[in-house]
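Report on the following structure.
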Amino acid sequence: MEEKTAFELLKQKKYPELRAMLATMEPADIVLLLEEADEEDLPRYYRILPKELAYETFAEMDADMQENLIRSFSDNELSEVLEEMFLDDTVDMIEEMPAALVKRILRIAKPEMRKSINELLNYPKDSAGSIMTIEYVDLKKTMRVSEAFDRIRKTALDKETVYTCYVTDAGKHLIGIVTAKDLLLAPPEAIISDIMDEDVIYVSTHEDKEEVAKQINKYGFLAMPVVDAEKRLVGIVTVDDAIDVMQEETDEDFQLMAAVTPSDDSYFKTSVLSHARHRIVWLLILMLSATFTGIIITHYEAAMSALLVSFIPMLMDTGGNCGSQSSVLIIRGMAVDEIKMKDFGRVLFKEIRIALVVGITLACANALRIYLMYEFIYKNSELYAGFDVFRVMIVVGLTIVGACLLAKTLGCCLPMLAKRCKLDPAVMASPMITTIVDACTVFLYFNVAIWILKI
């Protein structure tokens, strides 16, 4: 209803009413509204917004919307937007822009801002330096609380957060932190060195951004200080940036778990050929890997019968599902730091016990199914001719238990081994585990059948 009203007001050129309506909305909600608007109307909507709200809304937009607006901006408008945006948001925007627009942005940006942007762009893509902002409140340990408040009032407008202030010496070395709560509760004449916390948790500029996000989540920080090799404070990573990193990593893991090469673009922004390219490599690998299953079946062709063949899909599916369950849980546990490499033995022992419980339960249920089908459906059928149904139940039951043990062992071991080899554990998720387990299950099945049924 709100969307319809906004579009109608724009169409009827009732700009004051539209401005009043948009002024009551949050920037993120305005972005959702503008996503439904025609591209040619986007600049008109933007210019209707009050200036401060317009800048905040621009920072919430995706790269395509920002690009559309930048193309319509005059140099003065673009300069104003850059002045109001936080530096880390500006860097994020630049990384998504075409080269021509990047040149224009850097040309319009003030020299000091241009220098800071280039410094941030030079950090490795997955490092803390690439997602930090240099807009933080710094204090000196000799300041009084009243002086600290004066400094905050003068500089806070351009800072991304004022809830945590960082105490540095003359060489910009990080020596402590003090929170807004500490300052509010301390008397005005108190000295910063007396109330600051000297046990500061910090990260280096080249630390992996995913690890930084995990630490922010672990300690419940609103921001994490980032220092260089000499422990000089160079920036902070805020909690909103940490959430973005965690979202990116989650998206990447989901793509890898589905056997798709990770892509930075969204589904609709990725072309058909790009989608195919991202998927076909893994599909080729998995298809060729499945050839081993066919080789195994061909090798045991003489031992096969309609009866034995009829159980292959069920056994392969059971093994694959067991492996997928274990791998997903282990990958998730490692992602949230619940499971570490030192826990390898504990995890393996636990999964083996789980596999035994699950395997025996499934084997018993399947044995009952085979018996009932034999007694009431296939008793006089040629399908069971010449076979001892109880031995068939034993063959299938033992294979199920073995498949569960194998699948859950691989499901917990392969992701942890991938982590040890500096690979993303998600690579060893459902498709890969399923392909390996399928071949091993068929091999186990026919060997057990030859042993028990003497064929």
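The values are calculated or read from the model by the stated rules, or taken from the named source; none is laboratory data. Keep in mind that this is a model prediction, so the values were computed, not measured. Don't worry about glycine lacking a Cβ; one is built from the backbone with ideal geometry, like all the others, and counts go over all protein chains shown. For accessibility, only protein heavy atoms count, side chains too; no ligands or nucleic acids. Shrake-Rupley method; radii C 1.70, N 1.55, O 1.52, S 1.80 Å.
Checking the structure you have, find out if any residue of region 153-168 is closer than 18 Å to Gly129 by Cβ and surrounded by fewer than 17 Cβ atoms within 10 Å (Cβ to Cβ).
Checking region 153-168: not a single residue is closer than 18 Å to Gly129 by Cβ and surrounded by fewer than 17 Cβ atoms within 10 Å (Cβ to Cβ).
Given the conditions (1) within 18 Å of Asp244 (Cα to Cα); (2) surrounded by fewer than 19 Cβ atoms within 10 Å (Cβ to Cβ), which single one is not true for Val91?
It is condition (2) that Val91 fails.
So which residues in region 306-327 are over 15 Å from Ile400 (Cα atoms) and surrounded by 18 or more Cβ atoms within 10 Å (Cβ to Cβ), if there are any at all?
Hits for region 306-327 are Leu307, Ser324, Gln325, Ser326, Ser327.
Take Val347 and decide whether it is touching a residue at least 60 places away in the same chain (Cβ under 8 Å), among the β-branched types (Val, Ile, Thr) and open to solvent by less than 50 Å² (accessible area, probe 1.4 Å).
Numbers: touching a residue at least 60 places away in the same chain (Cβ under 8 Å): yes; among the β-branched types (Val, Ile, Thr): yes; open to solvent by less than 50 Å² (accessible area, probe 1.4 Å): yes.
The answer is yes for Val347.
With respect to Ala223, is the statement that it is in contact (Cβ under 8 Å) with a residue 60 or more places away in the chain and open to solvent by less than 30 Å² (accessible area, probe 1.4 Å) true?
Yes.
When you check Ala259 against the structure, is it among the small types (Gly, Ala, Ser), surrounded by 15 or more Cβ atoms within 10 Å (Cβ to Cβ) and modelled with pLDDT of 85 or more, yes or no? Before you say what the answer is, go through the steps one by one.
Details: among the small types (Gly, Ala, Ser): yes; surrounded by 15 or more Cβ atoms within 10 Å (Cβ to Cβ): yes; modelled with pLDDT of 85 or more: no.
Judged against the criteria, Ala259 is not a match.
Quick one: which residue in Ala23, Ala28, Ala6, Ala54 is hydrophobic (A, V, I, L, M, F, W, C) and at pLDDT below 80?
Ala6
List, please: which pairs have Cβ atoms under 6 Å, are six or more places apart or on different chains, and start with a residue in region 131-152 that is of a type in the set (Gly, Ala, Ser) and end with one that is open to solvent by 10 Å² or more (accessible area, probe 1.4 Å) and at pLDDT 90 or above?
Ser146/Pro188
Just to be sure I understand, how many residues within region 231-243 are open to solvent by less than 80 Å² (accessible area, probe 1.4 Å) and part of a helix (DSSP H, G or I)?
4
Look at region 355-365 and say how many of its residues are more than 11 Å from Ala407 (Cα to Cα) and in contact (Cβ under 8 Å) with a residue 24 or more places away in the chain. Give the derivation first.
Let us first name the residues in region 355-365 that are more than 11 Å from Ala407 (Cα to Cα), namely 356-358, 360-365.
With in contact (Cβ under 8 Å) with a residue 24 or more places away in the chain added as a condition, the list becomes 356, 358, 360, 362-364.
Counting residues in region 355-365 that are more than 11 Å from Ala407 (Cα to Cα) and in contact (Cβ under 8 Å) with a residue 24 or more places away in the chain gives 6.
When you check Val437 against the structure, is it modelled with pLDDT of 80 or more, within 15 Å of Gln325 (Cβ to Cβ), open to solvent by 10 Å² or more (accessible area, probe 1.4 Å) and out of contact with any strand residue (DSSP E or B) (no Cβ under 8 Å at 6 or more places or on another chain), yes or no? Break it down into steps so the answer makes sense when it comes.
Values: modelled with pLDDT of 80 or more: yes; within 15 Å of Gln325 (Cβ to Cβ): yes; open to solvent by 10 Å² or more (accessible area, probe 1.4 Å): no; out of contact with any strand residue (DSSP E or B) (no Cβ under 8 Å at 6 or more places or on another chain): yes.
For Val437, the condition - modelled with pLDDT of 80 or more, within 15 Å of Gln325 (Cβ to Cβ), open to solvent by 10 Å² or more (accessible area, probe 1.4 Å) and out of contact with any strand residue (DSSP E or B) (no Cβ under 8 Å at 6 or more places or on another chain) - is not met.
Among the residues of region 129-142, write down those that are modelled with pLDDT of 90 or more and open to solvent by 30 Å² or more (accessible area, probe 1.4 Å).
Lys140, Lys141, Thr142
Taking the condition closer than 28 Å to Met246 by Cβ and either modelled with pLDDT under 85 or touching a His at 6+ places or on another chain (Cβ under 8 Å) (or both), does Gly320 pass? Talk me through it step by step, then tell me what you get.
Numbers: closer than 28 Å to Met246 by Cβ: no; either modelled with pLDDT under 85 or touching a His at 6+ places or on another chain (Cβ under 8 Å) (or both): yes.
Against the criterion (closer than 28 Å to Met246 by Cβ and either modelled with pLDDT under 85 or touching a His at 6+ places or on another chain (Cβ under 8 Å) (or both)), Gly320 does not qualify.
For region 322-344, give me the residue count where each residue is in contact (Cβ under 8 Å) with a residue 60 or more places away in the chain and of a type outside the set (A, V, I, L, M).
8
I'm told Val145 meets every condition in (1) among the β-branched types (Val, Ile, Thr); (2) within 23 Å of Lys209 (Cα to Cα); (3) surrounded by 18 or more Cβ atoms within 10 Å (Cβ to Cβ) except one. Can you identify the failing condition by its number?
So Val145 meets the others, but not (2).
For Lys419, state whether it is modelled with pLDDT under 75 and open to solvent by 20 Å² or more (accessible area, probe 1.4 Å).
On the way: modelled with pLDDT under 75: no; open to solvent by 20 Å² or more (accessible area, probe 1.4 Å): yes.
Answer is no for this residue.
Please count how many residues of region 363-384 are open to solvent by 70 Å² or more (accessible area, probe 1.4 Å) and either outside any helix (DSSP H, G or I) or modelled with pLDDT of 75 or more (or both).
Narrowing region 363-384 to residues open to solvent by 70 Å² or more (accessible area, probe 1.4 Å): 364, 368-369, 371-372, 376-380, 382.
Imposing the further condition that a residue be either outside any helix (DSSP H, G or I) or modelled with pLDDT of 75 or more (or both) reduces the set to 364, 368-369, 371-372, 377-380.
The number of residues fulfilling the criteria is 9.
When you check Val358 against the structure, is it buried (at least 19 other Cβ atoms within 10 Å of the Cβ), at pLDDT below 85 and of a type outside the set (Phe, Trp, Tyr), yes or no? Spell out the reasoning first.
Working: buried (at least 19 other Cβ atoms within 10 Å of the Cβ): yes; at pLDDT below 85: no; of a type outside the set (Phe, Trp, Tyr): yes.
No; evaluated as a whole, the condition is false for this residue.
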